[in-house]
Amino acid sequence: MAGTSKKFAIGIDLGTTYSCVAVWRNDQLEIIVNDQGNRITPSYVAFTDSQRMIGDSAFNKAACNPTNTIYDAKRLIGRKYSHAIVKSDMKLWPFKVISGNDDKPMIVVNYNNEEKQFAAEEISAMILAKMREIAETYLGSTVKDAVITVPAYFNNSQRESTKDAGTIAGLNVMQIINEPTAAAIAYGLYMKPFNQGRRHVFIFDLGGGTLDVSLLTFEKDDIKVKAIAGDTHLGGEDFDNSMVNYFVKEIMRKYKIDISEDPKALRRLKSACEKAKRILSSNIQADIVLDNLNQNIDFSSSITRARFEELNKNYFNKCMEIVEKCLTDSGMDKSSIQDVVLVGGSTRIVKVQQLLSDFFEGKVLCKSINADEAVAHGAAVHASILSGEFSEKVQDLLFREVIPLSLGLEVHGGIMKIIIPRNTIIPTSMEHMFTTHLKDQENILIDVYEGEMPTTKDNNLLGRFVLEIPPAPAGVPQIKINFKINDDGILHIIGSERYLGVNKTVKIISDKGRLSSKDIERMIKEAEEYKDKEKRYRKNVEAKDAVETYAYKMRNAINNKEIRSKLSNEDKKVINDAIASVLTWIDSNNAAEKYEYEYYASILSSVFDPIMVKMIKHDVIDVKQARHDQGKGCKGVNSIHLQHQEYLQNMCSCATHQPSCATRRQLSHAWEATARRAVINYMSLRDAPDEAARRATSRSKLKLHQATLRDAPILLA
C-alpha cells in the first residue's frame, strides 16, 4: 500500500453486533472511522449473487437478504454444533447452520449462485479483515500487528479460535486481552486513578452478546485484576429477541398469522425492536410500525419501558447475580468499590443502570468514558506498548490478567482435580504429580477440563492426550503434568514421567474444536481470493459508473439549448440512439466486466467526439463580448478553428507541419479533447443557478478561446 512506511499496531474490539478499531499515534488515541464515516462497524457479512459485503453495507442488506446475511458469529466461535446454546440461537437466526466435521457448526449461504459453507472463524476473519482495511485506509500504511479483545469469560477454545480468525485475516495477533481489562486501561488513561493511591474499580461491560464484569485495583504503576465473572451469552441480542418473541405472539393473536417461518418479516421486526430498545433508553414508550410485514398486513404497535423491563426481568436479574459472584470471588465488600464504570452499548438501558446503582448502595455510576469505544481504546493503548511505542501517557498502564475458569484433570471416579483455580493471575505455571493404579501400565490417558463443578461430566472438556510410559509396578511411576497459561490466556500442557532415568515429555496445545493448520492455510488462501474478487468487482462497478456518467453528460450536453441549436437533426438522432442503446445494454448487463463497459464507452466516444469537434471547429465566439465580460482585451484569435491551427503551428516542433506528422496528430487530439470538455463545462456553468457560477461563464468563454496545452489543466479543472 502506498503511503508512509511507519508501522502501526492497532487495537480491535471484535464485538458480537458492532466492532471498533483504534490506534495510538502522535501521542494520542484515535478511533478510526469506516468508509461510511461511522466510528463503529456492524459485525455483519452478507453474500449475494455477485459480491460479498461487510459492515454497514451488509447490515443494510439484512432485511431483504436475511438468509445470506450473517451476524452473531461471535456466539458460534469455539463452540460445538450440539451445544445447547447453539441449538437455541439457531431457532432465531434466519440463516442456516449445519454440523460439520467434529461437530463444528458451519454457516450455509448462497454466494455467486453456489452453496458455500463457512466456519465462524472465517466470518470473524472477514470482519477483522474489514477493520484492518479501515485502519490501512486511514493510516495510509499496511497494518499487520493487532491486539484483539475477547469477553473475559471466553474459554480456551474460544480464545484460540479468535486468534485463528486473526491469522486468517492476515493479522499478527500480538495478544488477546479481556474486554473489561481493555476498558480498564482506557479508564486508567483518562481518569488517572494512579494519582489517588490504591483505588478499586468495578468494570461492568454489557454489550450486544456478552456480559463481562471485572474488579480491578489501580495502584502506583500497576493494574491488577482481582476477579472476573461473566456470561458469553447475555447481552443486547437477548433483549431484542425477547421483544421479537413478544410481538410474534401479538401478531398471531391479532391477525392469526405466524411470521416465525418468514425470515424477511422476522428480520424487519428484529431491526424495529433494536431501534425501539434504543429509544426506550431515553423515552418511556417506543412505536413499532412495519408496512406490509406479512400477507399484506401493516403491523403497528407500541411498547412501554415497563413492558420491556418485564420481558427482560430474568436477564437483568442474572446480570446482578454475576456482579455479586465477582465480588464474592474477590473477597471484597461492595462498600470498598470507588468507581463503577459502564462499558458496552447495553449499559444505556435505564433498568440496568438502576439495578447496578442500587446494588452498590446508590453509588453514582461512571459514564465518563465512551461505552462503545472504551474497549478499542484500551486495546490500541496496549498494542502501542507491545510494539515499543514510547509515550509518557501510556508507559505506566501495565496490567495483570486472571483466568476466568478453573483448569484441572480428571482423576479416579470422574472427579475434577483443580490445578489452576479461577482468578489466578496470568501468565502462570502450575503442576500436578500422580502415579498409576495398574501394574505395568504403559499408556496414561489424560483429560483436561475447565469449569467449577466437582465432577468432570459437568465441566468443559478442553482436550485429551496419551502419555506413554515404561512398564512398572502400580504406584511406582512419577508422572508430572505441567499447566502453563500464556498472556493470551491460552493453555499449554507438558506431561513427563521420570523412572529409571527415563524422561518422556509431550507438549499439547488443546485443539478441541479448533481449525487444523491445513484448514487455516486454506482459509487464508480463500480470503485472498475473496479480496481479489472484490477488487475486480469494484473496478467493474467503477467502469459501469464511468460509462453511465459519460452517457448522461452527453445527453445533458445535446439537450442544452445553445448546443442543441448548433447540431443537425441527424447528429442529434445519432447521439440519442447511441446513448439509448448503451444505457439499455447496461440495464440488461449489470454483472458485466470492466472491459465490456470500456468497450461501450468507446462506442459513445466514437459517436459523440467527432460531432462535438465539428461543432467546436466551426463555432465562432464573439471576442468583443468576451472582452466586454472580462474587462480587457483578448489576445487570442476570434475563431476556435483558427486558434486550433495556430496552436498546432506553435506546439508542433516539425519543420513541415504536415497533417501526416504523428506529433501533430497527437497534439490535435489533445486540443480537441480539451476544447470539447471546455464546451461541456461552459454550458454547465452557464445554466448553473448559482450567481457566482453564472458570472464565471464569461471567463469560461475566454478560456475556450485560449485553449492551449498550457491552459488544459485549467479547463479540465
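What is the stretch 519-617's relative contact order, in percent, from Cα pairs under 8 angstrom and six or more apart in sequence? Walk me through the numbers on the way to the answer.
Working: 45 pairs, mean separation 36.9, N = 99.
Computed over the stretch 519-617, the figure is 37 percent.
For the pair MET320/VAL350, report the inter-label distance in nm, with labels modelled 7 Å from Cα in the Cβ direction.
1.7 nm
Under 5 Å between amide H atoms, partner at least 5 residues away or on a different chain: which partners does LEU405 have, H built in plane at 1.01 Å?
Amide H neighbours of LEU405, under 5 Å, 5+ apart: ASN423.
Which of the aspartates and glutamates could be linked to LYS254 by a straight reach, that is with a Cα gap under 14 Å, when you skip same-chain ones fewer than 8 residues away?
Within the straight-line cut-off, LYS254 pairs with ASP298.
Skipping prolines and chain starts, which residues have an amide H placed within reach, meaning under 5 Å, of the one on THR455, given they are 5 or more residues away or on another chain?
Result for THR455 returns MET416.
Find how much the distance from GLU534 to LYS87 grows on full extension, using 0.36 nm per residue of separation minus their present alpha carbon separation; answer in nm with one decimal.
157.6 nm
Given a Förster distance of 30 angstrom, what is the FRET efficiency for ALA580 paired with ASN292, based on the Cβ-Cβ distance and rounded to 0.05?
Here the calculated transfer efficiency is 0.30.
Can you compute 3J(HN,Hα) from phi for each residue in the stretch 551-565, using the Karplus curve 6.51 cos²θ - 1.76 cosθ + 1.60 with θ = phi - 60°, rounded to whole Hz and x for Gly and Pro?
Couplings: 4, 5, 5, 4, 4, 5, 5, 6, 8, 5, 4, 5, 6, 4, 5 Hz.
What full-extension length gain, to one decimal in nm, is calculated for TYR595 and VAL476 as 0.36 nm per residue of separation minus the Cα-Cα distance?
Contour length minus Cα-Cα distance gives 35.1 nm.
How big is the stretch 313-382 in terms of Cα radius of gyration and Dmax, in angstroms?
Taking only Cα atoms of the stretch 313-382, I get Rg and Dmax of 13.0, 37 Å.
Can you pull the Kirkwood radius for the stretch 277-434, inverse mean 1/r over Cα pairs, to one decimal in Å?
20.3 Å
For the stretch 111-177, what is the Kirkwood hydrodynamic radius in Å, using each pair of distinct C-alpha atoms?
12.9 Å
Please go through the residue pairs LYS334/LYS363; LYS7/LYS144; LYS130/LYS525; LYS313/LYS334; LYS74/LYS104; LYS96/LYS533 and name each one whose alpha carbons sit more than 18 Å apart in this structure.
LYS313/LYS334; LYS96/LYS533
Round to a whole angstrom and tell me the spacing of the C-alpha centers of the stretch 260-315 and the stretch 136-165.
Centre-to-centre distance over Cα atoms comes out at 33 Å.
Name the lysines eligible as straight-distance cross-link partners of LYS539: C-alpha to C-alpha under 17 Å, and not fewer than 8 places from it in the same chain.
LYS531, LYS594
Based on the Cβ-Cβ distance from ASN486 to GLU310, what FRET efficiency comes out when R0 is 51 Å, to the nearest 0.05?
Result of the calculation: an efficiency of 0.70.
Kindly write out, for the stretch 355-368 in residue order, the coupling ³J(HN,Hα) from the Karplus curve 6.51 cos²θ - 1.76 cosθ + 1.60 (θ = phi - 60°), rounded to whole Hz, with x marking Gly and Pro.
Calculated HN-Hα couplings, in order: 4, 5, 5, 5, 4, 8, 6, x, 5, 6, 7, 8, 10, 7 Hz.
A 30 angstrom limit on the alpha carbon distance is what I want to check against. Which of LYS116/LYS270; LYS61/LYS572; LYS6/LYS116; LYS318/LYS480 exceed it?
The answer is LYS61/LYS572; LYS6/LYS116; LYS318/LYS480.
Read the figures in this text as sums done on the coordinates, not as results from a lab. These numbers were taken from a predicted model, which means no experiment stands behind them. A quick note on method: Cβ atoms are made from the backbone with ideal geometry, for glycine too, and the neighbour counts reach across all protein chains shown.
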